[in-house]
Amino acid sequence: MNPRLKSWVYVHVIQNTLCFICCLKTAVFNVFSDKKIAADVLRMKEDIDKKKRDGWYDVVFLIEALGAKEEILTKTLKEHVEKLSKTPDTIIYETNYSDVQQVEKPIEGLETGYSQFVEVKFVTKTLFLLLNAVILYGPSAVEILGPERKEIRIDEVQNIVNILAGVLHQFAASGMGGIVITPKDVNK
């Protein structure tokens, strides 16, 4: 055999062997990686199930968004859900984004807009955290899947009524509402 051809064959065999080893290494990594991902998902599911058994609120938010530009809408909605996921003692376990829909004249002054909604399923530890999430993330619909019954501590009730009072105060301070107090008999 020609020495140049022989060296080419050796180089080619070495290259193929290295390629095979790299592919095998990648395949082995992917199998272990897939197993790790599957194990992580299973651990998360078990953690969610435990929190549900421990009386955490199992909740579904439907959050709708409207934007002038499709790219900004989708990016902003994802960031909004990401912020919700960082709430203490709150774990999102499923998100389902709708397709973006083009909307004609969605609001005054805007000829064309874009609309999208996301369904967010999560568990949260307290009613206070749930109410806070409703106020901060503005879902258009909320469904509480569980628990069927819940005992609430008085300090949690106090936190809830104080947050509601704060929201009403903000509305009144901004001129958007409030409670008007008038005397019983205005003529006196």
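The values are calculated or read from the model by the stated rules, or taken from the named source; none is laboratory data. Values in this document were obtained by computation on a predicted structure and should not be read as measured data. Positions of Cβ are generated from backbone atoms using ideal geometry, with glycine treated the same way; all protein chains shown enter the neighbour counts.
Filter segment 136-158 down to the residues that are surrounded by fewer than 12 Cβ atoms within 10 Å (Cβ to Cβ) and among the β-branched types (Val, Ile, Thr), then identify the one that is nearest to Leu66 (Cα to Cα). Only one residue tops the list, namely Ile152.
Could you pull out every one of the strands (runs of 3 or more DSSP E) wholly within segment 46-159 that has 1 or more residues that are at pLDDT below 90 and under 25 Å from Gln170 (Cβ atoms)? Working first, answer last.
Working: elements: 57-67, 90-97, 101-107, 110-124, 141-146.
Where strands (runs of 3 or more DSSP E) fall fully within segment 46-159 and carry at least 1 residues being at pLDDT below 90 and under 25 Å from Gln170 (Cβ atoms), they are 57-67, 101-107.
Count of segment 135-150 residues, restricted to those that are out of contact with any strand residue (DSSP E or B) (no Cβ under 6 Å at 6 or more places or on another chain) and either at positive phi or of a type in the set (Asp, Glu) (or both), is 2. If you scan segment 115-134, which residues turn out to be under 14 Å from Ile63 (Cα atoms) and more than 15 Å from the chain's Cα centre (by Cα)? Passing the criteria: only Ser115. Being loosely packed, with under 12 Cβ neighbours inside 10 Å, more than 15 Å from Phe122 (Cβ to Cβ), within 25 Å of the chain's Cα centre (by Cα) and at pLDDT below 85 is a property that holds for Leu42. The single condition among (1) free of Cβ contacts under 8 Å to residues at least 40 places away in the same chain; (2) surrounded by 12 or more Cβ atoms within 10 Å (Cβ to Cβ) that Asp54 does not satisfy is (2).
So which of Leu62, Leu73 is among the aliphatic types (A, V, I, L, M) and surrounded by fewer than 16 Cβ atoms within 10 Å (Cβ to Cβ)? Quick ask: steps written out before the conclusion?
Numbers: Leu73 fails: surrounded by fewer than 16 Cβ atoms within 10 Å (Cβ to Cβ).
Within the list Leu62, Leu73, the selection yields Leu62.
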